[in-house]
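Below is one structure, written out as structure tokens, with a few remarks after it.
Read-outs: derived from the displayed coordinates by stated rules, not from any lab. Owing to the predicted nature of the structure, the values given are computational and were not obtained by experimental measurement. Here the Cβ positions follow ideal geometry from the backbone for every residue, glycine too, while neighbour counts run over all protein chains shown.
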Amino acid sequence: MKKSFIQASVINLSLVVLLVLGSLLSGCSGGQSSPGKESGAVKATLSTIKIGAAGPFSGQLSKIGLDSLNAIKMAVDEVNQAGGIGGRQVEVVVGDDGADPARALTVAEKFAADPALVGVIGPMNSDAVNAALPVYERNGLVVISQSATNPKLTQQGYKVMHRICPRDDDQGPAAALFIAQDLKAQRVYILDDKGIYGQGLADQVEKKLKELGMSQVQRGQVSPDDRDFAAILLRIRQANPDLLFLALPNPAQAANLVRQARSAGLKFQVMGGDGLKEKDQLIKASGGTAEGMYVTSIGPSLELIPEAKNFVKAFEGKYGAMSIFSGQSYEATRVLLDAIKKSIQAGGKVSRADVLAAVHNTRDYRGILGFPIGFTDKGDLLGGTIYVLQVKGDDFVQVKTVSAGGK
């Protein structure tokens with residue numbers, strides 16, 4: 001019986017071994033098993049180069065964000081249709097931060113955890129950029145923001161930070177010069193939304209106005225979620241300004257405020273910062289009350305730029321009217337893709353460190369904005385121009401250009 005038991009045990013063990021070997025061989029064959037599918041998915045991921053797109057793709061600023069995302073995708077599609085980079089296709093990974101700093105931090109962590117992701121376009125809002133930068137810096141993940149203008153973003157020593165837009169200390173002084181010298185205003189009331197962008201721009205406008213000798217400058221604030229402006233409009237009425245400057249990032253909120261001001265019989269001139277150049281959310285939403293209003297822009301009107309003709313035609317043919325940062329989003333993406341192309345190694349390998357170095361060394365990229373793109377050692381845009389536009393009918397008309405910094 002002992003012998004029979006031993007023989008039976010040997011036979012059973014042999015069967016187990018055969019079953020295990022069969023299972024392993026089946027898995028390696030890649031036929032119907034799930035391990036085969038997972039292996040294929042890994043290979044597909046490794047065959048692509050990823051870039052992140054971070055911005056407010058939902059929420060109050062989603063119109064601006066989604067139009068920018070469409071421009072990013074358009075730039076990537078063009079490169080992919082031409083064969084990709086180093087024989088590899090480029091994939092856009094979307095990170096919706098809703099212009100919220102906490103969500104921007106979560107998006108940054110998601111991007112940083114993906115080893116195939118080598119660069120980020122955005123975030124778009126200064127508050128979001130400021131929250132996310134420490135994560136991007138720790139992971140060596142280069143950032144090119146198309147619209148974050150607060151000066152301190154490039155003053156904190158982050159090597160990954162870059163932007164293709166002028167700063168608030170470029171835009172604010174340019175706006176102040178226009179207010180004082182062209183509009184001849186004597187009394188100005190400046191309103192911001194308590195955010196990094198709004199307060200930063202408001203500070204710069206106020207500082208320059210006072211340097212120009214204007215003594216009657218007053219300040220006020222609203223919250224981003226405010227819809228009823230009766231209280232602040234009463235204070236503005238009491239100040240009796242010639243001009244109200246809106247340092248607000250939300251054009252829909254600005255339209256609502258202007259509409260209420262006109263309904264209350266307030267006649268002052270209105271001017272705003274770069275975030276307000278939106279046809280639908282400012283001009284249409286104001287119901288005609290924004291007529292004659294001025295806005296500053298940190299990018300040129302693309303319809304006036306010969307190099308942008310094909311982009312404008314293609315974008316509007318597919319998505320409709322552009323938002324203010326659509327062209328800059330496209331340009332920032334092309335700058336990043338060009339840097340990836342320059343840093344590609346044998347076998348199509350690409351590293352975050354090489355892409356960061358290539359972006360940082362960009363000095364004379366020529367795309368659709370009508371001027372060469374280059375970065376300072378801190379990651380700011382080399383040079384730059386501020387554009388002043390006025391609402392006329394259902395559109396914005398460019399009326400003046402001012403050198404960055406109002407110089």
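Things to note:
- Using a cutoff of 8 angstrom between alpha carbon atoms and counting only pairs six or more residues apart, the relative contact order for the stretch 215-359 works out to 16 percent.
- Residues Met74, Met293, sorted so that the one with the fewest Cβ neighbours within 10 Å comes first: Met74, Met293
- Relative contact order [Cα under 8 Å, 6+ residues apart], the chain, whole percent: 17 percent
- Folded to 0 to 90 degrees: helix 2-29 orientation relative to the chain principal axis, Cα: 40 degrees
- Ranking of Ser68, Ser215, Ser323 by neighbouring Cβ atoms within 10 Å, starting from the fewest: Ser215, Ser323, Ser68.
- Computed about the Cα centre, the dipole magnitude for the chain is approximately 620 debye when only Lys and Arg (+1) and Asp and Glu (-1) carry charge, each at its Cβ.
- Gyration tensor (alpha-carbon) shape descriptor, the chain, a/c threshold 1.5: prolate
- Helix 251-263 vs. the chain, principal-axis angle (Cα, 0 to 90°, nearest 10): 30 degrees
- Relative to the dominant Cα principal axis of the chain, helix 101-112 is inclined by about 40°.
- Residue-averaged 222 nm ellipticity for the chain, from DSSP H runs of 4+ at -39500 (n - 2.57), nearest 500: -14000 deg cm²/dmol
- In terms of other Cβ atoms within 10 Å, Val120, Val217 run from fewest to most in the order Val217, Val120.
- Prolate/oblate/rounded call for the stretch 191-303, Cα gyration tensor, a/c under 1.5 rounded: rounded
- Of the residues Gln281, Gln171, Gln146, the one that moves most in a GNM of the chain with alpha-carbon contacts below 10 Å is Gln281.
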